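The next block holds one structure in the form of structure tokens; read it before the comments.
The values are calculated or read from the model by the stated rules, or taken from the named source; none is laboratory data. From a predicted model like this one, the values you see are computed outputs, not experimental measurements. Here the Cβ positions follow ideal geometry from the backbone for every residue, glycine too, while neighbour counts run over all protein chains shown. Ligands, DNA and RNA are stripped out before the accessible areas are found, and what is left, the full protein with its side chains, is counted by its heavy atoms. Shrake-Rupley method; radii C 1.70, N 1.55, O 1.52, S 1.80 Å.
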Amino acid sequence: MTPTEYEYLRKFLRDHSGLDLSADKQYLIESRLLPLARKAGLSGIGELVQKLQGGGSSALVTSVVEAMTTNETFFFRDKIPFDHFRDTIMPEVIKARAGRRSLRIWCAAGSTGQEPYSLAMSLKEMGAALTGWRVEIIATDLSQEVLEKAKAGIYSQFEVQRGLPIQMLMKYFKQTGETWQINPELRAMIQHRQLNLLHDFAQLGTFDVIFCRNVLIYFDQDTKINIFNRLARQIEPDGFLVLGAAETVVGLTDTFKPIPERRGLYKPNDARAAAARPALAGAPPRMAVMAGR
């Protein structure tokens, strides 16, 4: 791959996915795109670049972006955000939403589904506290391929052993041969939608809780600021934003403020976030109704 080809691919990926590769990541592009080029019947990276420059098909563009997107995830990843969800977020939400008894959660970059399903299991574990509540979890991702896996809810033995307590595995999954499938009740709690965070997401409506973890670290500073400011428009004034351990709003935007002693947990910064939030209208979303155990 020539320096010119590498610079073209860096810009292409930044424009199409927000992925901001440093100048020393040529090996990463080669390792991921060379197999893709050969599978497409191309001689190598050079011919792949020519195809893209000539207005490559949407399928080729999607394949290139998905090949470069990191989809590392596992159940209850990093544990602390899910402790915050159980011990800090949900007690406040249950109290604040007692009148309307509804809850909307957005998992941005939900990948193959382990994060949204971890949240669904956490909610089910709350039992009677949420009986009769309308619950909606929207999981979005750039990749249609990983969304299809998430919808199926089928995982290998290796995948269910990563972070998933054995009690929850036995309670919420059914084993078929060497794979495990999460039960239909939990699958029905989640809507999976394809979404590029670089594009408008106002149509999703407003949320009580937004999980946007381990994705913004791949974006440049201007893109992060833009996304944070748009997230502020989609979150309720008393809602919660959950970021990854290596991510922060500090120094980027004042539309969110950190919650002391709760790493990765943020709330809208009142007036700033309210000013950014337009009036949203539309039909009420489809929600799952929580049943008692």
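Brief remarks follow.
- Within the stretch 153-167, the set of residues being outside any loop (DSSP other than H, G, I, E, B) and free of Cβ contacts under 8 Å to residues at least 60 places away in the same chain comprises 154, 155, 156, 157, 158, 161, 166, 167.
- Of all residues in the stretch 107-149 being assigned to a helix (DSSP H, G or I) and of a type in the set (Ser, Thr, Tyr), the one that is nearest to residue 79 (Cα to Cα): 118
- Selection of the stretch 192-211 for residues being surrounded by fewer than 21 Cβ atoms within 10 Å (Cβ to Cβ) and part of a strand (DSSP E or B) yields 193, 194.
- Restricting 62, 73 to residues that are surrounded by 15 or more Cβ atoms within 10 Å (Cβ to Cβ), within 23 Å of residue 9 (Cβ to Cβ), among the polar types (S, T, N, Q) and not assigned by the TED database to the domain that holds residue 151 narrows the list to 62.
- On the stretch given as the stretch 92-106, residues that are open to solvent by 30 Å² or more (accessible area, probe 1.4 Å), in contact (Cβ under 8 Å) with a residue 24 or more places away in the chain and in a helix (DSSP H, G or I) total 3.
- In the condition set (1) at pLDDT below 95; (2) open to solvent by less than 20 Å² (accessible area, probe 1.4 Å), residue 223 is compliant with all but (2).
- Selection status of residue 109, touching a Pro at 6+ places or on another chain (Cβ under 8 Å), touching a residue at least 12 places away in the same chain (Cβ under 8 Å) and among the hydrophobic types (A, V, I, L, M, F, W, C): no
- Residues of the stretch 175-184 that turn out to be closer than 22 Å to residue 135 by Cβ and either assigned to a strand (DSSP E or B) or touching a helix residue (DSSP H, G or I) at 6+ places or on another chain (Cβ under 8 Å) (or both), as a count: 3
- One residue stands out in the stretch 221-257 among those that are in a strand (DSSP E or B) and under 19 Å from the mean Cα position of the chain (by Cα): the one that is nearest to residue 21 (Cα to Cα), namely 243.
- Matching residues in the stretch 226-244 - criterion: being open to solvent by 10 Å² or more (accessible area, probe 1.4 Å) and either in contact (Cβ under 8 Å) with a residue 60 or more places away in the chain or not assigned by the TED database to the domain that holds residue 264 (or both): 238
- Only listed residue being crowded, with 19+ Cβ neighbours inside 10 Å and of a type outside the set (Asp, Glu), chosen from 111, 43: 111
- Members of the stretch 46-76 that are touching a residue at least 60 places away in the same chain (Cβ under 8 Å) and either among the aliphatic types (A, V, I, L, M) or touching a Lys or Arg at 6+ places or on another chain (Cβ under 8 Å) (or both): 65, 74, 75
- Members of the stretch 160-184 that are out of contact with any strand residue (DSSP E or B) (no Cβ under 8 Å at 6 or more places or on another chain) and charged (D, E, K, R): 162, 171
- Considered as a group, the residues in the stretch 1-17 that are free of Cβ contacts under 8 Å to residues at least 40 places away in the same chain and open to solvent by less than 60 Å² (accessible area, probe 1.4 Å) include one that is nearest to residue 218 (Cα to Cα), and that residue is 10.
- Here residue 30 qualifies as surrounded by fewer than 17 Cβ atoms within 10 Å (Cβ to Cβ) and of a type in the set (D, E, K, R).
- Scanning the stretch 256-268 for residues that are buried (at least 23 other Cβ atoms within 10 Å of the Cβ) and under 14 Å from residue 216 (Cβ atoms) yields 256, 266.
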